[in-house]
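Encoded as structure tokens, the structure appears first; notes follow it.
The values are calculated or read from the model by the stated rules, or taken from the named source; none is laboratory data. Just so we're clear, the structure is a prediction, and the values are computed from it rather than from any experiment. When we count neighbours, we look across all protein chains shown, and the Cβ atoms used for this are built from the backbone with ideal geometry, even at glycine. Ligands, DNA and RNA are excluded from the accessible area calculation, which covers all protein heavy atoms including side chains. Shrake-Rupley method; radii C 1.70, N 1.55, O 1.52, S 1.80 Å.
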Amino acid sequence: MSFSSNRNVIRWVIIASSFIIISLILWNTYSFFQKFKAEERVKIKTWSVAQNNFLRSVYENLDEDVDPVTTHVLTETTTSTPMLVIDKNGDYNSINLDEEKLKDPVYVNYLITKFSNENEPIEVIVKGEVYQTIYYGNSPLLKKIGFYPLALLLIIILFAAVVYFFYRSTKSAEQNKLWTGMAKETAHQIGTPLSSLVGWTEILKTENINPEYITEIEKDIDRLQTITDRFSKIGSAPTLETLDLVEVTTSSYEYLKSRSSKLINFEIELPTNEIPVKLNAQLFSWTIENLVKNAIDAMKGKGDLKLNISQIEKQVFVNITDTGKGIPKQLFSKIFEPGYTTKKRGWGLGLSLAKRIIEDYHKGKIKVIESEIGKGTTIQIALKAI
């Protein structure tokens, strides 16, 4: 068995053990609550017997003094339990209750209903007749014990949440470290053949070759250098410069337009003025390219693709709209998660990198603002203008 499998087994054993321990604590707390409640009922029943003896002595006009035990029970055993004693004539006495509030008949009826729900009333019978009915509620201590399981559950939930977020943050840090390493290694691997291509281009210039071919090769070499620069920046804070958002966006958009299928109708709407924004040109261009390529994939290489830049006060919006297959509403946020993809050969990194570039590096927002199945999707980038 591998180390990973052993670690998973240990994790599940710990989770199962924690669940069993928690269940036992809750069960014991519930059992203690019931036992304490039963003891309180025994105490109230004892009080009712003493009350019966007292009433019987009064009812029969006995001359002897009331039994000291009876007096002690009636005066000393109900120090905390709230009680409402109502006789057959509707008159009542109270113990551990607010006398002022008891002047209100509505409040008395409320207590009768409340106490009856908490505990079954006890009848005091004198000579075969119900002379009094005792309504009693839970003591303050019993109420506190009743809240203990809820407090325990809340503590457990908070603890589980802390463990969960710690696990997520650790996992995210591991993923970021892996992707950073992969990105930097990719930049390193591309750099070697790229240097060779630059040398071969210089040699080709000395040969009798159509200059247009050389120009196109140099464009692609510049493109590879840009990609290498992008990958090398992953994992480190990029330098932001004040640049014209319109120019940077247009440059990336036009490059992809010239190298995409003629079956795609590219459209772009731009403001007439410049929009200065703090940008890292390489990383922002990467975001635009990722969004455009995803849109082209969603349309399967055929459809309408529109890019629109607008500004409302200090907020700048870049909207990219396609006529592809659309995204279900419940997946609007999920598509930006690392590893999520609908492509058979996709890695699920493009949109997650776009989100990181826009939100972590440029302090902006990226989201799906509109999508309809079978009709298309609009993704929006929001940035702050200078």
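Looking only at the range 211-247, residues that are in contact (Cβ under 8 Å) with a residue 24 or more places away in the chain, assigned to a helix (DSSP H, G or I), in contact with a Leu (Cβ under 7 Å, 6 or more places away or on another chain) and under 30 Å from residue 199 (Cβ atoms) come to 6 in all. Within the set 70, 29, the sole residue that is modelled with pLDDT under 80, in contact with a helix residue (DSSP H, G or I) (Cβ under 6 Å, 6 or more places away or on another chain), closer than 30 Å to residue 155 by Cβ and in a helix (DSSP H, G or I) turns out to be 29. No other residue among 309, 268 is under 36 Å from the mean Cα position of the chain (by Cα) and in a strand (DSSP E or B) apart from 309.
For the range 367-386, filtering for residues that are over 27 Å from the mean Cα position of the chain (by Cα) and over 25 Å from residue 275 (Cα atoms) leaves 3. Of everything in the range 299-312 that is of a type in the set (A, V, I, L, M, F, W, C) and more than 17 Å from residue 259 (Cα to Cα), the residue that is least open to solvent (accessible area, probe 1.4 Å) is 309. Scanning the range 77-89 turns up no residue that is modelled with pLDDT of 85 or more, in a loop (DSSP other than H, G, I, E, B) and open to solvent by 90 Å² or more (accessible area, probe 1.4 Å). Scanning the range 294-319 for residues being of a type in the set (D, E, K, R) and in contact with a Leu (Cβ under 7 Å, 6 or more places away or on another chain) gives a total of 1. Inspection of the range 264-281 identifies no residue that is touching a residue at least 24 places away in the same chain (Cβ under 8 Å), surrounded by 15 or more Cβ atoms within 10 Å (Cβ to Cβ), under 16 Å from residue 375 (Cβ atoms) and of a type in the set (S, T, N, Q). Tally time: how many residues in the range 347-386 are crowded, with 19+ Cβ neighbours inside 10 Å, small (Gly, Ala, Ser) and touching a Ser or Thr at 6+ places or on another chain (Cβ under 8 Å)? Count: 3. Going through (1) assigned to a helix (DSSP H, G or I); (2) at pLDDT 85 or above; (3) of a type in the set (A, V, I, L, M) one by one, residue 152 falls short only on (2). In the range 320-340, of all residues being within 25 Å of residue 169 (Cβ to Cβ), of a type in the set (A, V, I, L, M, F, W, C) and in contact (Cβ under 8 Å) with a residue 12 or more places away in the chain, the one that is surrounded by the fewest Cβ atoms within 10 Å (Cβ to Cβ) corresponds to 332. Looking only at residues of the range 121-145 that are assigned to a helix (DSSP H, G or I) and out of contact with any Ser or Thr (no Cβ under 9 Å at 6 or more places or on another chain), we find that the one that is farthest from residue 42 (Cα to Cα) is 144.
Restricting the range 182-236 to residues that are at pLDDT 80 or above and in contact with a Lys or Arg (Cβ under 9 Å, 6 or more places away or on another chain) leaves a set whose member that is farthest from residue 255 (Cα to Cα) is 211.
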